[in-house]
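Heads up, the thing below is written out as C-alpha cells.
The values are calculated or read from the model by the stated rules, or taken from the named source; none is laboratory data. For clarity, every value in this text was computed on a predicted model and none was experimentally measured. Heads up, the Cβs are rebuilt from the backbone with ideal geometry, glycines too, and the neighbour counts pull from every protein chain shown. For the accessible areas, the whole protein counts, side chains as well, though only heavy atoms, and no ligand, DNA or RNA atoms are used. Shrake-Rupley method; radii C 1.70, N 1.55, O 1.52, S 1.80 Å.
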Amino acid sequence: MERSFKELLEQKTAETEAAVYAYLPEEKGFQKTIFEAMNYSVKAGGKRLRPLLMMETYRMLGGKGKEILPFMAAIEMIHTSSLIHDDLPCMDNDELRRGKPTNHKIYGEATAVLAGDALLTAAFETALEQSSGVPSDRVVAAAACLAHAAGARGMVGGQSLDMAAEGRAVTRRDVEDLQKLKTGALLSAAAEMGCVIAGGGTDDRAAVRRYAQKLGLAFQVRDD
C-alpha cells in the first residue's frame with residue numbers, strides 16, 4: 001500500500017531524530033548537569049526540518065551511506081542553541097517552548113547560557129571529529145558553510161535585527177532581510193552542506209542554496 005506524504009514525512013523525521021540523538025553526550029560525570037541541559041532542549045521536539053533537508057539534498061545528489069549523519073546532528077545542535085538563547089529573559093523571555101518549560105526555567109539562566117554555548121561548540125566538534133571517511137576538503141567546506149550561517153552574517157545577525165526592530169515600524173524589506181538571516185541562513189546551510197558532502201559542484205551548491213532561501217521565507221510566512 002502506498003504511503004501518504006504525511007506518513008513518509010513522519011518516518012523520515014523519526015529517522016532524522018534518531019540520527020541526531022546518537023551524537024548527544026551521555027548524561028554522566030562531573031559535567032552531568034550541563035549535558036542534561038543540552039539534551040533537554042534537543043529532545044524537546046520539533047520538525048527536524050534542517051537535518052531532514054540536509055539528508056534529502058545529500059541523497060538527491062547521489063550521496064549514500066551514513067557519512068552525512070554527524071553534519072545533520074551538528075546543524076540541529078546549532079539550531080537548538082539559538083532557541084535556548086532566544087528564550088532567555090534578556091531576549092524573548094519565554095517560559096514555554098513547544099509546550100514545555102524553556103531551558104532557563106528548568107536549569108536557571110546561567111546553565112541555559114552555558115548549554116547553548118556548549119551545543120554551539122559541540123556542533124563543530126561533532127562535524128569535525130565524527131566525519132570519518134569524508135574527504136577533508138568536503139569536511140572543511142561544510143564546516144565553513146555552517147560557521148558562516150550561524151554567525152553575525154547569518155543567524156546571529158538575524159536575531160540582532162529582530163531585537164533592533166522591537167517597538168518600531170519596519171518595512172517589508174526589513175522583515176525579509178531579517179528572516180533571510182534568522183531563519184533562512186541555517187536552512188540554506190542545511191541544503192548546501194548536504195550538497196557538499198555528496199560531492200556536488202559550485203552550480204549545485206548555488207541551486208540548492210537558492211531553493212532553501214525561498215523555502216525559509218515561505219516557512220517563516222506560514223509560521224508567523
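Some observations on this one:
- Label zone (Gln11, point 7 Å along Cα-to-C-beta; backbone nitrogen cut-off 19 Å) within the stretch 25-48: 48.
- Met60/Thr121 FRET efficiency (R0 41 Å; Cβ-Cβ; nearest 0.05): 0.85
- Rule-of-thumb Rg ratio for the stretch 41-86 [Cα; 2.2 N^0.38 Å; N residues]: 1.24
- Helix-only mean residue ellipticity at 222 nm for the chain, each DSSP H run of n ≥ 4 adding -39500 (n - 2.57), per residue, nearest 500: -23000 deg cm²/dmol
- Separation in nanometres of the label points that stand 7 Å from Cα toward Cβ, at Ser136 and His148: 2.2 nm
- For the cross-link pairs Lys28/Lys64; Lys105/Lys182; Lys6/Lys28; Lys32/Lys64, the ones whose C-alpha atoms lie over 32 Å apart are Lys28/Lys64; Lys6/Lys28; Lys32/Lys64.
- Stokes-Einstein diffusion of the stretch 123-198 at 20 °C, 1.002 mPa s viscosity, Kirkwood radius from Cα pairs, rounded to a whole number: 159 µm²/s.
- Residues in the stretch 64-79 reached by a label modelled at Val170 [backbone nitrogen below 19 Å; 7 Å Cα→Cβ]: none
- Within the chain, helices built from complete DSSP H runs that reach 27 Å or longer along their own axis (Cα positions) and carry a mean Kyte-Doolittle hydropathy of 0.5 or higher are 109-129.
- Largest to smallest accessible area among Lys105, Lys12 [probe 1.4 Å]: Lys105, Lys12
- Treating each Cα of the stretch 61-135 as an identical point scatterer and summing with the Debye formula, the log10 of I(q)/I(0) at q = 0.15 Å⁻¹ comes to -0.57.
- Length gained when the stretch Tyr211-Lys32 is fully extended (0.36 nm per residue, less Cα-Cα span): 60.4 nm
- Peptide packing: for 146-158, 179-191, 51-63, 16-28, the average count of neighbouring Cβ atoms within 10 Å per residue gives the ranking 179-191, 51-63, 146-158, 16-28, highest mean first.
- The stretch 21-114 - Rg over Rh from alpha carbon coordinates, Kirkwood radius: 1.04
- Gap separating the Cα centres of the stretch 18-94 and the stretch 167-224, nearest whole Å: 19 Å
- The amide H of Arg97, built 1.01 Å from its N in the peptide plane, has Thr102 as neighbours under 5 Å, considering only residues 5 or more places off or on other chains.
- Looking at the chain, the pairs of alpha carbons with a distance over 27 Å make up 32% of the total.
- Only protein heavy atoms count here; on that basis, with a 1.4 Å probe, Thr202 has an accessible area of about 110 Å².
- Put a dot 7 Å past the Cα of Ala18, heading toward its Cβ, do the same for Asp92, and the two dots end up 3.0 nm apart.
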